[in-house]
């Protein structure tokens, strides 16, 4: 089997033009939305129903919402309110992914040329990077690219 190419992207601090151009240029075939809240008014063009439409129309791309690949609200709030450090958040989130057996929610075939979506502008301190690395640890031949 050839290598699985898995992308990640955040929509914050990106125009719709930049966001959809990055997906199209990378050849993404499916966006897997792993946000805790995918209908926030702050999401703009990335609100669930609008995003599904734009992905199909602009990128010929499918959409899937997978909330079990998101942190809990409490976990996220604790990090945002600085009650826990990034290291603590990352450790707790990995434990949550293991408890949920998150690797069983997706298959390598589905992941190939798919893109994990969240809101953070970069992947360094974002749960999408943790999810991508978790997936890579459970499947062979996964290459991660952050858009």
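Residues in the range 108-123 that are surrounded by 15 or more Cβ atoms within 10 Å (Cβ to Cβ) and under 28 Å from residue 16 (Cα atoms): 110, 111, 112, 113, 114, 115, 116, 117, 118, 119, 120, 123. Taking each residue of the range 16-35 that is more than 28 Å from residue 102 (Cβ to Cβ) and looking for partners that are at pLDDT below 95 with beta-carbon atoms closer than 6 Å, six or more apart or interchain, yields 16/45. Residues of the range 49-76 being crowded, with 16+ Cβ neighbours inside 10 Å and either under 18 Å from residue 120 (Cα atoms) or in contact (Cβ under 8 Å) with a residue 40 or more places away in the chain (or both), which ones? Within the range 49-76, 51, 65, 66, 69, 70, 71, 75, 76 meet the criteria. In the set (1) free of Cβ contacts under 8 Å to residues at least 12 places away in the same chain; (2) more than 20 Å from residue 11 (Cα to Cα); (3) exposed (fewer than 12 other Cβ atoms within 10 Å of the Cβ), the condition left unmet by residue 86 is number (1). Summed over the range 2-48, residues that are on the phi > 0 side of the Ramachandran plot and either buried (at least 16 other Cβ atoms within 10 Å of the Cβ) or part of a loop (DSSP other than H, G, I, E, B) (or both) total 2. Summed over the range 99-108, the residues that are touching a residue at least 12 places away in the same chain (Cβ under 8 Å) and assigned to a helix (DSSP H, G or I) give a count of 3.
Has the range 89-107 got at least one residue that is crowded, with 17+ Cβ neighbours inside 10 Å and either closer than 20 Å to residue 147 by Cα or touching a strand residue (DSSP E or B) at 6+ places or on another chain (Cβ under 8 Å) (or both)? Yes: one or more hits. Being assigned to a helix (DSSP H, G or I), farther than 24 Å from residue 135 by Cα and touching a strand residue (DSSP E or B) at 6+ places or on another chain (Cβ under 9 Å) holds for only one residue in 78, 56, and it is 56.
The values are calculated or read from the model by the stated rules, or taken from the named source; none is laboratory data. These figures come from a predicted structure and were not determined experimentally. We place every Cβ from the backbone using ideal geometry, glycine too, and count neighbours over all the protein chains shown.
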